[in-house]
Amino acid sequence: MDAHSLPFIPESNNPFERVPDIFMFCNIIMEVMMTFLKKLKDSYWEIYKKNNPPIRNLDKLDLSIGLNDGGSEFYIFTDEHSIDSSSNTQKLLREKVVNYLKYINSTDFKNNFKKSTKDNTNIIIVFKIMPDGLLLEFIRNMIPWVKDNNAVLKIEVNKNQLDKF
């Protein structure tokens, strides 16, 4: 194969004669690049999700706030990039809520939040985007259990607390 038979090298001195071939070659290169970038992006998110669980620091309170009326709010922050409704996410969320409830029922909590009651002590799970229906159902099923353990379970989506979910 000589240099003149390659699709991107014109056979004549007229540079516009082989323009369609040049465009076709560029299109092929762009398709290869886009496929490569998609695989790169997918592998990045796969690694990100593997190394960044949707619920972190299970043994720590993400944020606690004492309210002027004597109540308290405890926030659980989720990772918007790795939150899903998998059994692993549900397990992590349940474990985090259990640890919050252990604190809420501890002597330390009662000493720090003397006016808190089961009706004004809130655990708020924070999402940046609305979680899927399966995860919402899982959270709804935890509400009575949390109430039996002296707190109210709520969710917040994009800085808005949802009363009904």
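Every number in this text was worked out from the coordinates using simple rules, so none of it is lab data. Fair warning: this is a prediction, and the values are worked out from it, not measured in the lab. Neighbour counts run over all protein chains shown; Cβ positions are idealised from the backbone, glycine included.
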Q) What does the charge add up to near Asn160, with Lys and Arg as +1, Asp and Glu as -1, over the other residues with Cβ less than 13 Å from its Cβ? A) +2
Q. Taking the chain as a Gaussian network, Cα atoms linked when under 10 Å apart, which of Leu136, Leu153, Leu37 shows the biggest mean-square fluctuation?
A. Leu37
Q) Around Trp145, what is the net charge, scoring Lys/Arg as +1 and Asp/Glu as -1 over all other residues with Cβ under 13 Å from its Cβ? A) +3
Q | Local electrostatic count, Phe109, Cβ distance below 14 Å [Lys/Arg +1, Asp/Glu -1] | A | +3
Q) Can you flag which of Lys115/Lys164; Lys115/Lys154; Lys110/Lys164; Lys110/Lys159; Lys50/Lys147; Lys49/Lys164 are past 22 Å Cα-Cα? A) Lys115/Lys164; Lys110/Lys164; Lys110/Lys159; Lys50/Lys147; Lys49/Lys164
Q: Could you pull out every residue, at least 5 positions away or on a different chain, whose amide H is within less than 5 Å of the one on Ile155? Hs are placed 1.01 Å off N in the peptide plane, and Pro or chain starts have none.
A: Ile125, Leu162
Q.
Based only on other Cβ atoms within 10 Å, what is the fewest-to-most ordering of Glu156, Glu31?
A. Glu31, Glu156
Q: Choose one answer from Thr121, Thr107, Thr78: the residue with the largest mean-square fluctuation in a GNM of the chain with alpha-carbon springs under 10 Å.
A: Thr107
Q | Tyr48 versus Asp132: modelled label distance in nm, points set 7 Å from Cα along the beta carbon direction | A | 1.8 nm
Q: Report the full-extension gain for the segment Glu156 to Leu67: residue separation times 0.36 nm, less the Cα-Cα distance, to one decimal in nm.
A: 30.3 nm
Q) In cubic angstrom, how much convex hull volume per residue do the alpha carbon atoms of the chain span? A) 178 Å³
